[in-house]
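Every read-out reported here was derived from the displayed coordinates using simple, explicitly stated rules and does not represent laboratory data. Computed from a predicted model, the values in this text were never measured in an experiment. For neighbour counting, all protein chains shown are included, and Cβ atoms are generated from backbone atoms with ideal geometry for every residue, glycine included.
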Amino acid sequence: MVTQYVRIPQERIGVLIGHNGSVKEELERRSASKISVDSEEGEVCIEGTEGGDPVKTLRVADMITAIGRGFSPEKAVALIDDASLLFEIVPLDHLTPKTLKRVKGRIIGQKGKTRRTIENLTGVKMSVYGKTVGLIGSSRQIRAADDAIEMLIKGAPHNTVYSALERQRRVEVEKW
């Protein structure tokens, strides 16, 4: 049996557990695992059950981490449902507090426009939380979103980033 430990921020524990434990129960059912949450420390223990799928037990750890990084359970559950999806965290902790605030604002955009545009042009699901940007998607989608985020961090104008993503998408479509 597989056992994994994941730590999530305390303010995200309620999201993981859900109303009357509904989210946690649904995750346990879908992953055939037992999930224990230490509300004081934010530590989550995931144990595979007898006869359960060990791969799903491993994937639920990514899903719980995604919830901890700001994703809704509805978006994060895709990691269990679709084995081709990956979860990646882009760290922003190397930035000074002032720069971090500016960069997060650039990544999110006015009224969320930049985040939505990156999601639409790459196909990723994206969450900006704390000192990280979380991405859920295929490796190709994540690579494209990573490039866009890196451009924004380095100060590229938004239109330049959008144009690069559109160009990349056209090339991908032509390949198929």
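Computed values, structure above
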item	result
Gln110-Glu43 pseudo-label distance in nm [points 7 Å out on the Cα-to-Cβ vector]	4.7
Loop-exposed GluC sites (Glu not before Pro) per DSSP, neighbour cap 16 Cβ within 10 angstrom, longest uninterrupted part of the chain	51-176
Formal net charge of residues neighbouring Ala145 (Cβ-Cβ distance under 9 Å; K, R +1; D, E -1)	-3
Simple label model, 7 Å out from Cα along Cβ direction - Ala78 to Ala156, nm	2.2
Structure-based [θ]222 nm, the chain - -39500 (n - 2.57) summed over DSSP H runs of at least 4, per residue, nearest 500	-15500 deg cm²/dmol
